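The values are calculated or read from the model by the stated rules, or taken from the named source; none is laboratory data. Quick caveat, the model's predicted, so the values are computed rather than measured. FYI the Cβ positions are ideal-geometry reconstructions off the backbone, even for glycines, and counts take in every protein chain you see.
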Amino acid sequence: MVKGMSAQRECGCDMRGFLSFQILWLLSKRSMHGEAIAQEIAKRRGEKPKAGTLYPALKDLSDKGLINGDKAGKTVTYSLTADGRLAVKQARAYFVRCFGEIMSGRN
């Protein structure tokens, strides 16, 4: 990545639409609190999502019944619901259908 340039600007792609899918995918692996989700996303995207982006997405997924948040003190640990597990499978199938050829390197 070019110093001082975000991963999105460097590649010329706006990857914001993938945030919900990424959150669901990460939570399909294990339950996590918000900061852990942000760190995992940063590993993959090259930049950590801001709280003002991440937490509204978590709230939206919760409102849709796809994730649960269990609060212990100040920490909320998020996990998938049964509907969330189904949504991950459906989103993954959609992603593969849309982007599988790109990921495989075929022209």
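Which one is surrounded by the most Cβ atoms within 10 Å (Cβ to Cβ) among residues in the range 19-43 that are in contact (Cβ under 8 Å) with a residue 40 or more places away in the chain and under 17 Å from residue 90 (Cβ atoms)?
Per the stated criteria, the residue is 23.
In the range 44-78, how many are of a type in the set (Lys, Arg) and over 21 Å from residue 91 (Cα atoms)?
The number of residues fulfilling the criteria is 4.
Can you confirm whether the range 75-86 contains a residue that is on the phi > 0 side of the Ramachandran plot and either in contact with a Ser or Thr (Cβ under 6 Å, 6 or more places away or on another chain) or modelled with pLDDT of 95 or more (or both)?
No, the range 75-86 has no match at all.
Starting from the range 71-91, take each residue that is more than 12 Å from residue 32 (Cα to Cα) and list its partners that are surrounded by 15 or more Cβ atoms within 10 Å (Cβ to Cβ) and of a type in the set (Phe, Trp, Tyr), counting only C-beta distances under 7 angstrom and pairs at least six apart or across chains.
Between residues of the range 71-91 that are more than 12 Å from residue 32 (Cα to Cα) and residues that are surrounded by 15 or more Cβ atoms within 10 Å (Cβ to Cβ) and of a type in the set (Phe, Trp, Tyr), the close pairs are 88/25; 91/21.
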